Protein chains: 2
Amino acid sequence: MKSVVIIGAGNVAFHLTRALLQNTVNVRQIFNRTLSKAEELGEANNIKYTDKISELEKADLYIIAASDSAVEELSHYIPYTDALVVHTSGSLSTNVLKGNYRKGVFYPLQTFTKKKMLRYEEIPFFVEAENKEDEEALYKLADRISNEVHRIDSAQRLKVHLAAVWVSNFTNHMYSVGEAICKESELPFDVLRPLIKETANKVMDMSPYDAQTGPARRNDQLILTKHLELMNDDSRRQQLYKLISESIKRTYNND
Amino acid sequence: MKSVVIIGAGNVAFHLTRALLQNTVNVRQIFNRTLSKAEELGEANNIKYTDKISELEKADLYIIAASDSAVEELSHYIPYTDALVVHTSGSLSTNVLKGNYRKGVFYPLQTFTKKKMLRYEEIPFFVEAENKEDEEALYKLADRISNEVHRIDSAQRLKVHLAAVWVSNFTNHMYSVGEAICKESELPFDVLRPLIKETANKVMDMSPYDAQTGPARRNDQLILTKHLELMNDDSRRQQLYKLISESIKRTYNND
């Protein structure tokens, strides 16, 4: 890909722009419908930016790095038929891209926050395209950034995204409940941080299936009951505790 | 504490022994009902070991580092009235200790596996004792190992343990479901590892409440429905997905 235009200026756009530039890819322009956002990302990286479709430059690749709900609308903006246009979503098919151009997907599997720096070479990328040459070009581009690139179809990508929701969004919610319990007990969340870190560390070289511990894993009914009693004032938290514990028990067939 | 005897030879005993020795505490003896296990831990650390109660040496402190269900029975074994006896459990009160001696708790908040080395100074310790001097002595002992020591009562400790189940055991189960989905899609679990690491890293200096992302957080009904459809062959996984998503929505009042 000789030249790239980034459509969007949010968390994914921020990190993709940096990752591409770090690997000497020619990022030509940032487009965002809010000029101030395009400006911020453009200025930070010394790249041209615009909020006007009429000013959209010609490039080999357009990466729409926007929220799922915005991708389709943004996809109308690209007027060049001789271009490849991709989105970065884990769950959208290429069909949401509505212009008269070649289509594909460039999906980085990571949780992005502007403030948090990342090692881009560790981020798995999943690429997909309507034709082989484009898939190959996307593969090569991702391969410049990352050590782990996969070619997958939309059905598989949807599964990866679903798995990501479990290990990231749902995991964070578990942290969040822990934080709430700490607050209720007037203990700082800090006391849980080393445990959170080590729980993640453990599965870096172990299977989560093997790493499972705790009262549900041991089927320790005494503690399970005690914990449920502790949550008597919050029936929904109780119900969630029960269901996750049952799911753990079932996983090890000791239900 | 001039001298310590460790009762038990499992994961917690293994790491506590190492942590105490590293901080030049005099660990006098390992006791375990299975000689081979006592031997393994004793030999590895150049400490005496036994499986015979009659050979239990006199010490200032006995740490029962055993599974919750074994603590009470083991507590009968200690014949010395002039000693402090503690367990390492997050959920048991001091009442389970049945001998005629002074009682307390020495609870390290971490997930322990023998193979996985740990930085002991980062592990939060929670201490409790029936009298002030013992509490002070336990505090000082924990303080030699760790940078984060707290005095708490049994009710608070139970809450900490409950919070730990959420952020560690339940989190690991989320990883486990992710692993299962990968397996079903013939993708290596490796693709999820960077995301798992970063999801934990994120909350090292951020509140999980602020770090939450994902379809449930955005109330993205389109993706939530798509994901539920993907799990049509597993109604229990579906139910769990639904309940956790609802819990996230409720947390941000966008239900």
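Taking a sphere under 12 Å around the Cβ of residue B:141 and counting the other residues whose Cβ falls inside, with K and R at +1 and D and E at -1, yields a net charge of -2. When B:206, B:174 are compared by accessible surface with a 1.4 Å probe, the order from highest to lowest is B:206, B:174. Cut-off 10 angstrom, C-alpha nodes, Gaussian network model of chain A. Which of A:89, A:69, A:146 fluctuates the most? Between A:89, A:69, A:146, it is A:69 that shows the largest mean-square fluctuation.
Stokes-Einstein D for region B:4-152 at 10 °C, 1.306 mPa s, Kirkwood Rh over Cα pairs, in µm²/s?
Diffusion coefficient, whole number: 106 µm²/s.
At a Förster distance of 51 Å, what's the computed FRET efficiency of residue B:243 paired with residue A:130, Cβ-Cβ distance as r, to 0.05? With a Förster radius of 51 Å, E is 0.85. For region B:212-255, the spread of Cα positions along the three principal axes, ordered from largest to smallest, is 30, 17, 15 Å. Which one of A:21, A:139, A:85 has its Cα pushed farthest toward the positive end of the charge dipole of region A:4-152, where Lys and Arg give +1 and Asp and Glu give -1 at the Cβ? Working it through, the farthest residue towards the positive pole turns out to be A:21.
Per-residue shielding of B:146-156, expressed as the average number of other chain Cβ atoms within 10 Å of the residue Cβ, stands at 2. Per residue of chain B, the DSSP helices (runs of n ≥ 4 H) give a summed -39500 (n - 2.57) that works out to -13500 deg cm²/dmol at 222 nm. Taking other residues whose beta carbon is less than 12 angstrom from the beta carbon of residue B:31, and scoring Lys, Arg as +1 and Asp, Glu as -1, yields +1.
Principal-axis analysis of the Cα atoms of chain B puts helix B:132-145 at an angle of about 60° to the longest axis. Could you state the number of Å between the C-alpha centres of region A:12-36 and region B:231-255? What the calculation gives is 35 Å, centre to centre. Annotation: amide H of residue B:3 within the under-5 Å range of B:60, B:61, sequence separation 5 or more or interchain, hydrogens built in the peptide plane.
Pull up the DSSP beta bridges for the protein assembly as shown and report the antiparallel fraction as a percent, rounded to 5. The partial results should precede the final answer.
Working: 10 of 54 bridges.
Antiparallel bridges make up about 20 percent of those DSSP assigns within the protein assembly as shown.
Charges were assigned to the Cβ only: +1 to each Lys and Arg, -1 to each Asp and Glu. The resulting dipole of the protein assembly as shown about its Cα centre is roughly 100 debye. Comparing A:142, A:59, A:216 in a Gaussian network model of chain A where C-alpha atoms under 10 Å apart are linked, the largest mean-square fluctuation is found at A:216. Just so you know, the Rg over Rh for chain A is 1.07, from Cα atoms, with Rh as the Kirkwood radius. Of the residues A:140, A:159, A:202, the one that moves most in a GNM of chain A with alpha-carbon contacts below 10 Å is A:202. Judged by the gyration tensor of its Cα atoms, with axes a ≥ b ≥ c, region A:174-249 is oblate; a/c meets the 1.5 cut and b/c is at least as large as a/b. Round to the nearest 10 and give me the degree value, 0 to 90, for the angle of helix B:171-184's Cα axis relative to the longest principal axis of chain B. So the helix axis and the longest Cα principal axis differ by about 50 degrees.
Beta bridges assigned by DSSP with both partners in chain A are antiparallel in approximately 20 percent of cases.
Accessible surface buried by the A/B pair amounts to about 8800 Å², both sides summed, 1.4 Å probe. Quick note on region B:163-204: its Rg to Rh ratio, both from C-alpha atoms and Rh being the Kirkwood radius, is 1.03. Less than 5 angstrom separates the built amide H of residue B:89 from those of B:106, all sequence-distant by 5 or more or on a different chain. Neighbouring Cβ atoms from other chains, within 10 Å of the Cβ of residues in B:178-188, number 6 on average.
When both region B:167-209 and region A:109-159 are represented by their alpha-carbon centers, they are found 18 Å apart.
The C-alpha atoms of chain B define a longest principal axis, and helix B:154-164 lies at about 40 degrees to it.
Nearest to the axis that brings chain A onto chain B is this chain A residue, judged by its Cβ, with the distance in whole Å: A:200, 2. Rounded to the nearest 5, the antiparallel percentage of DSSP beta bridges internal to region A:3-121 is 0%. Per residue of peptide B:238-247, the mean number of Cβ atoms on other chains within 10 Å of the residue Cβ is 5.
Tell me the carbon and sulfur percent of the accessible area for region A:114-163, rounded to whole percent, probe radius 1.4 Å. Intermediate results must be reported in sequence, preceding the final value.
Values: 1090 of 2420 Å².
With neighbouring chains kept in place, the figure for region A:114-163 is 45 percent.
About its Cα centre, the dipole of region A:161-244 is roughly 200 debye, where the only charges are +1 on Lys and Arg Cβ and -1 on Asp and Glu Cβ.
The values are calculated or read from the model by the stated rules, or taken from the named source; none is laboratory data. Given the structure is predicted, the values throughout are model-derived calculations rather than measurements. Don't worry about glycine lacking a Cβ; one is built from the backbone with ideal geometry, like all the others, and counts go over all protein chains shown. Surface areas here come from the heavy atoms of the whole protein model, side chains and all, with no ligands, DNA or RNA. Shrake-Rupley method; radii C 1.70, N 1.55, O 1.52, S 1.80 Å.
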